[in-house]
Amino acid sequence: QVQLVESGGGLVQPGGSLRLSCAASGTIFSLGTMGWYRQAPGKQRELVASITSGGTTNYADSVKGRFAISRDNAKNTMYLQMNSLKPEDTGSYYCNGDIKTLPGGWFSSFWGQGTQVSVSS
């Protein structure tokens, strides 16, 4: 089986920074595109940023210039550096990864359990 485990959430003041990590473990043959999603109370889950296995990145307009996504393929780990945080960044942040578990198989989507980010003074 595959597990995605997020870490690094917490409470921070507006203007502060946090760095989230997502570690993938288990039976992983190939790790494809990975992404960070967030869900605020009463709102739908939305894509924050994504990164392909080759390093191509994509960001939601609301976080461009403030957040940076990266990955370490050797460690099967993805990161989200969040700077200049705003109260509207508050929510549960989820890691998602497209993972192939068998050499001849196809990519399936896996989710982490989420980590809470709260931005408040």
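The values are calculated or read from the model by the stated rules, or taken from the named source; none is laboratory data. The structure displayed is predicted, hence computed values, not measured ones. Every residue, glycine among them, receives a Cβ derived from its backbone with ideal geometry; neighbour counts consider all protein chains shown. The accessibility values were calculated without ligands, DNA or RNA, using every heavy atom of the protein model including side chains. Shrake-Rupley method; radii C 1.70, N 1.55, O 1.52, S 1.80 Å.
If the cut-off is a Cα-Cα distance under 24 Å, which lysines reach residue 100, setting aside same-chain residues fewer than 8 apart in sequence?
The reachable lysines, counting only those whose Cα sits under 24 Å from residue 100, are 75.
Quick one: Cα centre-to-centre distance for segment 1-29 and segment 101-121, in angstrom?
Taking the Cα centre of segment 101-121 as reference, the centre of segment 1-29 is 9 Å away.
Would you mind putting 61-69, 90-98 in packing order, based on average other-beta-carbon counts within 10 Å, highest first?
By packing density, highest mean first, the sequence is 90-98, 61-69.
Using a simple charge model, +1 on the beta-carbon of Lys and Arg, -1 on the beta-carbon of Asp and Glu, nothing else, what dipole does the chain show about its Cα centre, in debye to the nearest 20?
So the dipole magnitude of the chain works out to roughly 60 debye.
Anyone know which of 44, 13, 81 comes out most mobile in the 10 Å Cα GNM of the chain?
44
Just to check I understand the Karplus step: with θ = phi - 60° and J = 6.51 cos²θ - 1.76 cosθ + 1.60, what whole-Hz values come out for segment 7-12, glycine and proline as x?
Whole-Hz 3J(HN,Hα) from phi for segment 7-12: 8, x, x, x, 9, 9.
Residue-wise, which Karplus ³J(HN,Hα) couplings in Hz belong to segment 19-31, taking 6.51 cos²θ - 1.76 cosθ + 1.60, θ = phi - 60°, and x for glycine or proline?
10, 8, 10, 9, 10, 9, 9, x, 7, 10, 8, 8, 10
What is the magnitude of the charge dipole of segment 47-90 about its Cα centre, with +1 placed on the Cβ of each Lys and Arg, -1 on the Cβ of each Asp and Glu, and no other charges, expressed in debye to the nearest 20?
In total the dipole reaches around 100 debye.
For the chain, with a Gaussian network of springs between Cα atoms less than 10 Å apart, report the residue from 104, 55, 16 with the top mean-square fluctuation.
Sorting by GNM fluctuation, first place goes to 104.
Enter the accessible area per residue of the chain (Å², integer; probe 1.4 Å; all protein chains in place).
53
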